[in-house]
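Novice: Take this structure, written in structure tokens, and hold onto it; I'll ask about it next.
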Amino acid sequence: MGVLNVTPDSFSDGGRWLDRDAAVAHGLAMVTEGADVVDVGGESTRPGAADVPAREELRRVLPVVQALAAHVRVSIDTRKAEVADAALAAGATMLNDVSASLCEVAAAHGAGWVAMHMRGTPATMQQHASYDDAVAEVRQFLVERASAGAAAGVGEVWIDPGLGFAKTGEHNLSLLRHLDVLVATGYPVLVGASRKSFIGRLTGDASVDDRLEGSLAAATWAMQKGAAMVRVHDVRATVQAARLVAA
Ligand code: HH2
């Protein structure tokens, strides 16, 4: 899954793909590099990010979703039902739902649905990074949400531990270390570690543009532990790693 943030402020690629044509070209380039899905988002969810009004989010994402849907499976990364509904109507076939609350919208469109674990909102989530047992609590939340999605009629339910969302670096590492616990639920697991700050911290404060090797290690680890998909910025390099893991 290649990341395409049509935002001015995403932590790693904010501002680069705000122009529609540049965003579509980047999406198509990721397809050429081997992405199976392009994940289009119009609101940054980095810690402390400001909310974006639905109208602005729609203005950013809809033309990009429309243009890419003819070429590749498109997923829409949003927390808003209104944006999800419009993007799925415009050709997206997967709803990447970091709020894990929009299963009805996915069901209404016959779309796939990713339930990601988070607490609070991006503005407040780092205040909620406290667990007795992060792996067990994340698992319990995701199984409950996934069952709700299936009951709502979603035929393709994914789960995602939400690395960096209401989590410390230690929580992220624990979830990666015990990813098999999520895989054992039977739901396909999506993991997004790409370029996240815990990778920077573990690699001598590598800047966001300098985390490729750490990101590849995290993606390779996740795939080897059974993740069915990884959400990444660097598609070409990750596809090469994925082919080796698969072989
Ligand atoms: N991470 C981000 C955004 N969406 N969706 C899923 N399912 N899993 C993730 O780990 C995930 C996600 C954050 O990364 P990014 O899109 O690069 O940045 P921003 O939120 O600043 O746009």
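The values are calculated or read from the model by the stated rules, or taken from the named source; none is laboratory data. What you see is a predicted model, and the numbers here were worked out from it, not measured in a lab. A quick note on method: Cβ atoms are made from the backbone with ideal geometry, for glycine too, and the neighbour counts reach across all protein chains shown. Areas reflect the complete protein model, heavy atoms only, side chains present, ligands, DNA and RNA absent. Shrake-Rupley method; radii C 1.70, N 1.55, O 1.52, S 1.80 Å.
Novice: Per residue, how much accessible surface does the chain expose to a 1.4 Å probe? Answer in Å², no decimals.
Specialist: 42 Å²
Novice: Give the aspartates and glutamates reachable from LYS80 as a straight Cα distance under 14 Å; neighbours fewer than 8 places away on the same chain don't count.
Specialist: The qualifying aspartates and glutamates are GLU43, ASP51, GLU56, GLU57, ASP97, GLU104.
Novice: Could you point to the residue in HIS117, HIS178, GLY91 farthest towards the positive end of the chain's charge dipole, with +1 and -1 charges on the Cβ of Lys/Arg and Asp/Glu respectively?
Specialist: Of HIS117, HIS178, GLY91, it is HIS178.
Novice: Could you give the dipole magnitude of the chain about its Cα centre, charging the beta-carbon of Lys and Arg +1 and that of Asp and Glu -1, in debye to the nearest 20?
Specialist: The calculated dipole for the chain is roughly 220 debye.
Novice: Still on this structure, I have one more. Which value at 222 nm does the chain reach when only helices count, each DSSP H run of 4 or more adding -39,500 (n - 2.57), with the total divided by all residues and rounded to the nearest 500 deg cm²/dmol?
Specialist: Computed ellipticity for the chain at 222 nm equals -13500 deg cm²/dmol.
Novice: What does the charge dipole of segment 173-232 about its Cα centre add up to, to the nearest 20 debye, if the Cβ of each Lys and Arg holds +1 and the Cβ of each Asp and Glu holds -1?
Specialist: Computed about the Cα centre, the dipole is about 160 debye.
Novice: Positive end of the charge dipole of the chain (Lys, Arg +1 and Asp, Glu -1 on Cβ, about the Cα centre): tell me which of THR220, VAL232, GLN127 has its Cα farthest that way.
Specialist: THR220
Novice: Just need log10 I(q)/I(0) for segment 136-212 at q = 0.15, 0.21, 0.26 Å⁻¹, Debye formula, equal scatterers on the alpha-carbon atoms, no solvent, rounded to two decimals.
Specialist: Listed by q, the Debye log ratios stand at -0.57, -0.91, -1.18.
Novice: Here's a follow-up. Using +1 on the beta carbon of Lys and Arg, -1 on that of Asp and Glu, and nothing else charged, what's the dipole of segment 32-99 about the Cα centre, debye to 20?
Specialist: Charge dipole, segment 32-99, about its Cα centre: 140 debye, nearest 20.
Novice: Would you please give the FRET efficiency between GLU137 and ASP21, computed as 1/(1 + (r/R0)^6) with r the Cβ-Cβ distance and R0 = 45 Å, to the nearest 0.05?
Specialist: Once rounded, the FRET efficiency stands at 0.55.
Novice: Show log10 I(q)/I(0) for segment 2-246 at q = 0.12, 0.14, 0.16 Å⁻¹, two decimals, from a solvent-free Debye sum over equal Cα scatterers.
Specialist: -0.62, -0.88, -1.21
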